[in-house]
Structure formats: C-alpha cells, structure tokens
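Novice: Structure below; questions to follow.
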Amino acid sequence: MDGPSLLARARAWAAELGFSQIGVAGVDLSAAEQGLADWLAAGFHGSMDYMARHGLRRARPAELVPGTVSVLTARMDYLPAATPEGWQAIEFARLQLPHEGIVSLYARGRDYHKVVRGRLQKLADRIADAVGPLGHRVFTDSAPVLEVELATRSGLGWRGRHTLALHRDAGSMFFLGEIYLDLALPATPPVADHCGSCRACIDVCPTQAILAPYRLDARRCISYLTIEHAGPIPLALRPLMGNRIYGCDDCQLTCPWNKFAQRATLPDFDAREALTGRDLVDLFAWSEAEFLHHTEGSPIRRIGHERWLRNVAVAMGNALRVADDAAIRSALAARVAHPSELVREHVAWALGQCPRSGTRARPPP
C-alpha cells in the first residue's frame, strides 16, 4: 500500500475512533529549537523542570524515539456533547459567581491522557495490521514532544496568539496526540494563520501571562499555578485567580474562533456532576478519600488532595473579598490546623481576605 492510500485509510480509522482530524509532519523541527531555547532560558517554564531537563530533545523526534521518520498527528474535540449554544457567555458568567468553584472545561470529564492515548494505540495497531511490523510510540501531553509545533506543521491548525493550536472549523477546544512512526508517510500541508491583529486572548488573561503574541510566561498562568505548581501560589497572583480552582479557559472563551468549537463524539468528556457547578464550601469539605473518589479517572487526581485544598482555599478567600460569608469562614476555620503547612498558609491567607478580619490583602496594582 502506498503512502497516500494508507493515509486515506488511516483517516477513516481515526474518525471511527473519535478523532476529528489527522495529519502528518516530518521530523526536522530545527527551526523551532531557538524559540524553545529562548523560552527556557527566560525561565518561563517555572517549576516544570522536566521541560529544561529534556531540552532540545523536544524538537528532535528522531532522538526521542530512534528510527522515527514521520509523525502522525491527531486532534480530538472535547466540548461535552450537551454543551449549549452560547456556552462561552455561560462560562464567563460562571466566573462572576464567587461561591462556585470553576474547573476548566477539558477536566470535567475523563482523563484525556487515557482516552486519547488508548485510541491512538488502536489507530497504530490498525496501521500495523495493514503494513506489517511497525516501530511506533504514541503520545498525548505525556513526553518531551512539541505538540503544537507538530500540529501546525501537519495542518491541524495554526498557532494562536495564546500559543494553543487553532482551527477555523473547531476553534481550540480539542486535545492533541501523536504517533511517532518508523514508516514514511506523505506530509500534510500547514494552514495559514488567521489571528490577524486580534488581541482578545492577550487582553482577557486575568494574570497577564500572555506577554506578547505567541509568548507565554507559564509562571503567571492560572493553569500552571493550579495544576503544575506544587508550592505556595504567589501572593500577588491569588486575588487575580477568582474562583478558578483547576485550570483557566479565559483565553479560549474569548477567542472568536471558538464559536465554531465542535462537540465531542465520545461520552468520556461529558461533565461530571461532582466537578461542575459545585459550591466552594462543598468542594473544600472533601476528605482525601472523597477527593480520590470524585476524581477517579479524572486528570484532576494527579494534583492530589493537598493542592486541591490549596486551590479551593484561594478561591474562598477571593469570595470573602466580595462579601463576608459565615459558611466560608467556618469551612476555612475547620482547616486552620491542617497537617499540611501549604494548606494552613493558604487558609490563613483566605481568612485574612474577609473585610471584618482587618487584614484584607490589597490586590496588586
């Protein structure tokens, strides 16, 4: 079977497995190396030491997986099937409800790592059935891979100014995955950038983490702070986090292209009741066993109960900044002696945000 014929069949198999689109990129990413090196040198990766540890291997697929000659890329839409029209406005409105804990849309269902990786493996197995022995490795946000670079080179979209991949017919509400192959497949062409002079994502960022088009300081990003960062959240950034307790969607909510975002074809990404529309007091009351139960099979589980309480405590403090609330104060007071120093410190800060405490912290300029 020649390359074009195999790629055509792979597209059909991918659609059956729930993928929205696949493409093929080459392995020469040398043009991206300087930008990656500059980003790391500026320290924008924060405490994500693994990014610096792997260094330029991220831009060298054939070094990461010897024998790789092409990369099959894939995207999978994740908006829950029941997402209503006008969902962007609805999500922005939720950010104005200080007592509700907001989990990023992608994390309200099943862990995408498991879903995408498993289906990529099935796709690789089908390719192997068609061509014989196949050297390959599948990835989805799980190794030193330049996912957006590969996606844009293979035509799955262009790099938006917020640094995420964007597609004219699907916005940015999709996951990316890759199969590194020792099989040469014809590369699929890239698409043009359609951001133009739009600054919506830059202007809306609560912490101004997008320093300039295509330049993100992860250390200021709420997704980084609530998920990747293990220590205390910087004091100056806490008031800016609002009620976001796991991730942040603002740059995507405001993006005009996301009016075309597609609904998921898989039920895996349907929102769980325990993670949607829940009161901060209820979420903060979860014991570790309850946290593990409610986040079973969810990407949230990996941050652990301690960081979960840290994040929710910050949101509760921000709610107290809006208005005094006896239920929130009582919930926080119940954890002032928590075994974790990290939790205790964020609880103390949250209680200090209540106007009646007399120690309310001022927001940064």
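Novice: Any residue at all in the stretch 113-123 that's of a type in the set (A, V, I, L, M), over 25 Å from Ser5 (Cβ atoms) and part of a helix (DSSP H, G or I)? Give the derivation first.
Specialist: Of the stretch 113-123, the ones of a type in the set (A, V, I, L, M) are 115-116, 120, 123.
Filter once more, keeping what is over 25 Å from Ser5 (Cβ atoms): 115-116.
Then keep just the ones that are part of a helix (DSSP H, G or I); that gives 115-116.
The answer is yes, given that some residue of the stretch 113-123 is of a type in the set (A, V, I, L, M), over 25 Å from Ser5 (Cβ atoms) and part of a helix (DSSP H, G or I).
Novice: Could you please give the count of residues in the stretch 331-347 that are free of Cβ contacts under 8 Å to residues at least 40 places away in the same chain, part of a helix (DSSP H, G or I) and either within 16 Å of Leu280 (Cα to Cα) or in contact with a helix residue (DSSP H, G or I) (Cβ under 9 Å, 6 or more places away or on another chain) (or both)?
Specialist: Result for the stretch 331-347: 3.
Novice: Quick one: in the stretch 228-279, of everything that is of a type in the set (S, T, N, Q) and in contact with a His (Cβ under 8 Å, 6 or more places away or on another chain), which residue is nearest to Met76 (Cα to Cα)?
Specialist: Looking at residues that are of a type in the set (S, T, N, Q) and in contact with a His (Cβ under 8 Å, 6 or more places away or on another chain), I get Gln252.
Novice: Related question: How many residues does the stretch 325-364 hold that are at pLDDT below 95 and not basic (Lys, Arg)? Show your work before the answer.
Specialist: Going through the stretch 325-364, the residues at pLDDT below 95 turn out to be 354-364.
Now restrict to residues that are not basic (Lys, Arg): 354-355, 357-359, 361, 363-364.
Adding up the residues that qualify gives 8.
Novice: Taking Ser142 as meeting all but one of (1) over 19 Å from the mean Cα position of the chain (by Cα); (2) in a loop (DSSP other than H, G, I, E, B); (3) surrounded by fewer than 17 Cβ atoms within 10 Å (Cβ to Cβ), write down the number of the exception.
Specialist: All conditions are met except number (1).
Table: residues versus (1) within 30 Å of Gln34 (Cβ to Cβ); (2) surrounded by fewer than 20 Cβ atoms within 10 Å (Cβ to Cβ); (3) in contact (Cβ under 8 Å) with a residue 24 or more places away in the chain.
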{"position": "Asp217", "(1), (2), (3)": "yes, yes, yes"}
{"position": "Thr226", "(1), (2), (3)": "no, no, yes"}
{"position": "Arg244", "(1), (2), (3)": "no, no, yes"}
{"position": "Asp249", "(1), (2), (3)": "no, no, yes"}
{"position": "Thr265", "(1), (2), (3)": "no, yes, yes"}
{"position": "Gly277", "(1), (2), (3)": "no, yes, yes"}
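Novice: Of all residues in the stretch 41-55, which are out of contact with any Pro (no Cβ under 9 Å at 6 or more places or on another chain), at pLDDT below 85 and assigned to a helix (DSSP H, G or I)?
Specialist: Passing the criteria: Asp49, Ala52.
Novice: Applying the selection to the stretch 308-330, what residues are surrounded by 14 or more Cβ atoms within 10 Å (Cβ to Cβ), assigned to a helix (DSSP H, G or I) and not hydrophobic (A, V, I, L, M, F, W, C)?
Specialist: Arg310, Asn311, Gly317, Asn318, Arg321, Arg329
Novice: A further question follows. Could you list, ordered by first residue, the pairs with Cβ atoms under 8 Å in which the first is in the stretch 146-158 and over 15 Å from Phe175 (Cβ atoms) and of a type outside the set (Ser, Thr, Tyr) and the second is part of a loop (DSSP other than H, G, I, E, B) and modelled with pLDDT under 95, at least 6 apart or interchain?
Specialist: Leu146/Leu29; Glu149/Leu29; Arg153/Leu29
Novice: What number of residues within the stretch 1-29 satisfy the criterion of being part of a loop (DSSP other than H, G, I, E, B) and either touching a residue at least 40 places away in the same chain (Cβ under 8 Å) or surrounded by 14 or more Cβ atoms within 10 Å (Cβ to Cβ) (or both)?
Specialist: Taking the stretch 1-29 first, the residues part of a loop (DSSP other than H, G, I, E, B) are 1-2, 17-20, 26-29.
Narrowing the set further to residues that are either touching a residue at least 40 places away in the same chain (Cβ under 8 Å) or surrounded by 14 or more Cβ atoms within 10 Å (Cβ to Cβ) (or both) leaves 1, 17-20, 26-27, 29.
The qualifying residues number 8.
Novice: In addition: Identify all residues within the stretch 259-307 that are aliphatic (A, V, I, L, M) and either within 25 Å of Glu345 (Cβ to Cβ) or assigned to a loop (DSSP other than H, G, I, E, B) (or both); write none if there are none. Before you say what the answer is, go through the steps one by one.
Specialist: Our first condition is that a residue be aliphatic (A, V, I, L, M); within the stretch 259-307, this holds for 261, 264, 266, 271, 274-275, 280-281, 283, 285, 289, 292, 300, 303.
Within the stretch 259-307, Ala261, Ala264, Leu266, Ala271, Leu280, Val281, Leu283, Ala285, Ala289, Leu292, Ile300, Ile303 meet the criteria.
Novice: Checking the structure you have, find out if any residue of the stretch 156-167 is among the β-branched types (Val, Ile, Thr) and buried (at least 23 other Cβ atoms within 10 Å of the Cβ). Steps first, answer last, please.
Specialist: Quick first cut of the stretch 156-167, residues among the β-branched types (Val, Ile, Thr) only: 163.
Next, from what is left, pick out any that are buried (at least 23 other Cβ atoms within 10 Å of the Cβ): none.
Taking every residue of the stretch 156-167 in turn, none turns out to be among the β-branched types (Val, Ile, Thr) and buried (at least 23 other Cβ atoms within 10 Å of the Cβ).
Novice: Which of the residues spanning the stretch 247-258 are hydrophobic (A, V, I, L, M, F, W, C) and assigned to a loop (DSSP other than H, G, I, E, B)? Let's see the steps before the verdict.
Specialist: Filtering the stretch 247-258 for residues hydrophobic (A, V, I, L, M, F, W, C) gives 248, 251, 253, 255, 257.
Result: Cys248, Cys255.
Novice: Looking at Leu164, Leu146, which one is aliphatic (A, V, I, L, M) and at pLDDT 95 or above?
Specialist: Working: Leu146 fails: at pLDDT 95 or above.
One residue alone meets the criteria, Leu164.
The values are calculated or read from the model by the stated rules, or taken from the named source; none is laboratory data. Keep in mind that this is a model prediction, so the values were computed, not measured. With ideal geometry, Cβ positions are generated from the backbone for all residues, glycine too; neighbour counts draw on all protein chains shown.
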